[in-house]
Every structure is written in structure tokens, then in C-alpha cells.
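All remarks here apply to the structure that follows.
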Amino acid sequence: MLPTSEHPRARAGRVVVIGGGIAGLAAAHRLATSGVRVTLLEGAARLGGKLLTGEIAGAPVDLGAESMLARRPEAVALARAVGLGDRLRAPATTTASVWTRDALRPMPQGHVMGVPGNPEALSGLLSAEGVARIGREHELPPAELGEDVAVGTFVADRLGREVVDRLVEPLLGGVYAGDAYRISLRAAVPALFDATRAAGGNLLDGVREVQRRAAERHETGPVFMGLDGGVGTLPAAVAAAVRAAGGEILTETPVLGLTRGTDGWRIRTAAAELTADGVVLATPAWSASVLLTDTAPAASAELARVEYASMALVTLAFRAADTAALPAGSGFLVPPVDGRTIKASTFSAHKWGWVADRAPGLFLLRTSVGRYGEEKQLDREDDELVAASLGDLAEATGLTARPVAADVTRWIDGLPQYPVGHLARVARIRDAVAALPGLRVCGAAYDGVGIPACVGSGQRAADEIIATGPLVRGTVREGRE
């Protein structure tokens, strides 16, 4: 992808971006700042998708995604580009625990998505036999990974099921709300897949190679970043930048139809029919599937097969004086094998300095509930989810205080699942879509569910529209021939 300052300046063609989550907003921003007339259409009343801020007990808080991976640059760079650079914040603490076997145990260091390079790193978290089992991988014959393999299945075969159930599963569950025994290693942890295949199928050697490469890059600085006021403030800032660059953004405008005509694309809404030289589809897979039923039936069929997981976030505000029982650190993960309701808890007031600063006298934390296959959890009433969260918190930490306020945010079908074969499916979708001039897709269903991945996906779609569509004229750069 070309940075905006290096992008060939496009003529004032028109591109319609369908979907106002962070991927669609990133695509619109890239297009608008490259000289393209942009109209973004969002069916809901607000922008941002799963980036959402709110208030609890009068204090601002993220009610969706709360941090951005900083080692991948797209999201942090976009925040800076839209004027939020001075509000970027590193976590005040990254020390976390795993609540398993009836105790909070320190999150081990030196692993790649829960897969250790050194078995002793998991001592205390796993049983002695579980640690010993990891060290016996060298006795196994080399593994054949093929084109793809499930993370949990492969790791359990090489290192034992205990390392999957106690660490890999909760880590992956925190990212995808999925099942480690279904999630694709190639899609979810591509660096480990490639390194392990290069190491002849030896997983420990693959982990050590990933760690060696990371050390060679001499990466410094925080792994994650947040924003003072919440990551949920990013969409509004991007939208303001799009408008400042001449773009148009319409909310409460669901798209009812998408067709290809002799004069380009036609986008039908309840109020009007728009025409465009290009279209970026930045909607969830099921919505994109419906819109592409007639124009790209092969892509539509593949998109319809993308599964999603639902989850809920329970945000709680306590009097700070009542939370002495809470341990230090940013929170804890919970393996599903332990049979608890919550799958994680984030101590927001510990993790983010701005949360503590803006809520004096209060302690804010949140729990998450729901994984792939646990839809029944989301059928429970809000007060039931709050009560279950408080019960698990009390058992894990000793916290018995009652909150002064509680909020439950449900993300129904919020996280696309990346099972074995996901990348091959994405390639088929993109091949089918690319056969239609001026059409691209982007979002969490394709290249990763994290904020930087979604931003990068949107920017890639915009760049490809400009490079391959009828929008580029000459080599105008930064307004100069």
C-alpha cells in the first residue's frame, strides 16, 4: 500500500463505501485524501462498529474494543493522521494472570499465542506432567502441516492437550471468541505456521524461530496502545477527517441493492439510487453475501459460509475503597475447561491511566462472556450476566463488594471465525470479486479481527480501487503534475 503522500492523485471519480465500521472508515479516509469523491453509507445510527465508547457512573469507558496492536502500524498511524496522536496511551501495566485450577496464576512469558519455546515457562500453570509432555516433542516424528491445520489440534498433538486447554485456548478465545480446536493456525498465527513448517514440523523449533526473528527486529515500545477517552473515539475522528477532505457520510442509510450497469455501479437505498465508479464493501460477511447474490454469486456463496461468534461485555464500577482485594495487574484470562461463566476480566483502572484519572474514587473493570458455541449465554438477562460475573470475580479474587453501576453490552455475531481453510476461502472470495471492475471487499472477515488488521484491510481495498479502477489519471502527486 502507498502512503497518502505517495499515492498517485486520482481524478474526482466517485466511490461508495458500504459500511461504517473502522475498515470502511479507513477505506473512505484513504480514498478521500487521495482525491476521490467518497460517499460512505452506514445502515446504523452511529459509526464505528465494534469501536464504541460510553459512560458508567459518569466516567467514560470503552464498551467495545479497548486497545490496538501497536507492533502492527496501521491503526496507530491512522490515529495520528486524524489528529489523535497526542491522545495515544500505552497500558500502565501488562502483567496478567490465568485463573485456572482454582487459583490466579501468573501469565507466563516467552510464548507465541500460548505456545512456549521453553517448557519450564509454563511451570506452575500446567501440571508437572503437562510440562514434561511439552519437553518430549523431540521424541515425535516430524509433523506434516499441509496447507492448514487447527491450532488446538496441532499443538495438542505435539505438546499435549493441557497446554492448549490452559493457555492457548483462553488466549485465542480472547481474540476470536472461538474454539482453538477449530481455528486455523495459518490464519490466526501465520508467523508460527510458517516457522514451524520451515523447521520441518517441529513446533518448539518454530516458536524459537519466531522469537529469534522478533529479537532481531529489536522491537521497542509498547505492544498495545489505547486512546485517552477510549479507542471508541477513533471512528468519529476518522469520519471528521473524511468530511474535511470532501467526503460524504450518511448514517441510517442501509443499502438495499447493488448492481453493475453500463455506467458503473448502482447502489440502491430507501431514499435514492446512487451511481459510482467503484464500491468498497465493508460490511459483515452475511451482509456482503446478500448484496453480491446476483453480481458475484460465487463470492456470495463463500461469504454466506463465514460463521460468527457472539459475546457480551459486562462493565462494572465499584467504589475504589471497596476493591482492595483485587490483585495488581491488568486482569486475567479464564480457560473454558475450568467451566466458569466469564472468559476474561480486564481491570480497566489498573490497565489504563486515563480510566483511573477520569473516574476518581471509582474502580472500573469489565468481564467478557460468550464464545463460539456458547450462544445460550447471551440469552441470559442483563442482571443474570452481572450476577454471574460478580460470582466469578469473587471466587477468583475475593472481591465481594457490590458495584455502584453496571452495564451489559452485547455484540451479537460480533466476531468472524477463522476455521481451517479460512485463507483459501478468502482468496476465492477476492478472486471472484476482483473479476468485477471497481469492486473490493474489506473488514474483519478477511485479514484479521484486530483494529490494525481492519484498518489495513480497508486501506488495501481503497488502494486497489484506485490502482485498478477508472479513477487514476496521470501521475499527479500531492496536487502537482
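The values are calculated or read from the model by the stated rules, or taken from the named source; none is laboratory data. From a predicted model like this one, the values you see are computed outputs, not experimental measurements. As a convention, Cβ positions derive from the backbone with ideal geometry for all residues, glycine included, and neighbour counts pool all protein chains shown. In case anyone asks, the SASA skips ligands and DNA or RNA and just uses the protein heavy atoms, side chains included. Shrake-Rupley method; radii C 1.70, N 1.55, O 1.52, S 1.80 Å.
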Check: In sequence order, what are the phi-derived ³J(HN,Hα) couplings for the range 211-226 according to the Karplus relation 6.51 cos²θ - 1.76 cosθ + 1.60 with θ = phi - 60°, rounded to whole Hz, with x for glycine and proline?
Finding: 5, 5, 5, 4, 5, 5, 6, 6, 5, 10, x, x, 6, 10, 9, x
Checklist line | Amide N of the range 192-206 lying under 13 Å from the label point, which is placed 7 angstrom from the Cα of HIS138 along Cα→Cβ | finding: 204-205
Next item on the list: With a Förster radius of 30 Å, plug the Cβ-Cβ distance of VAL175 and THR275 into 1/(1 + (r/R0)^6) and report the FRET value to the nearest 0.05.
Entry: 0.15
Checklist line | Cut-off under 5 Å, modelled amide H: who pairs with VAL17 long-range | finding: THR39, LEU40, LEU41, VAL280
Margin query: Give me log10 I(q)/I(0) at q = 0.15, 0.18, 0.23, 0.34 Å⁻¹ for the range 340-380, Debye formula, one equal scatterer per alpha-carbon, no solvent.
Written below: -0.48, -0.59, -0.72, -1.11
Checklist line | Amide proton proximity set for VAL441, modelled H, under 5 Å, gap of 5+ | finding: LEU281
Notebook entry, point to check: Using modelled backbone amide H atoms (1.01 Å from N, in-plane), which distant-in-sequence or interchain residues come within less than 5 Å of ARG89's amide H?
Noted result: GLY226, LEU227, ASP228
Checklist line | Computed accessible area, TRP286, all protein chains, 1.4 angstrom probe, square angstrom | finding: 120 Å²
Notebook entry, point to check: Separation between the ASP431 and ALA240 pseudo-spin-labels, each 7 Å from Cα along Cα→Cβ, expressed in nm?
Noted result: 4.5 nm
Note to self: Restricted to Cα positions, what overall size does the chain have along the principal axes? Three whole-Å values, descending.
What the structure shows: 68, 57, 43
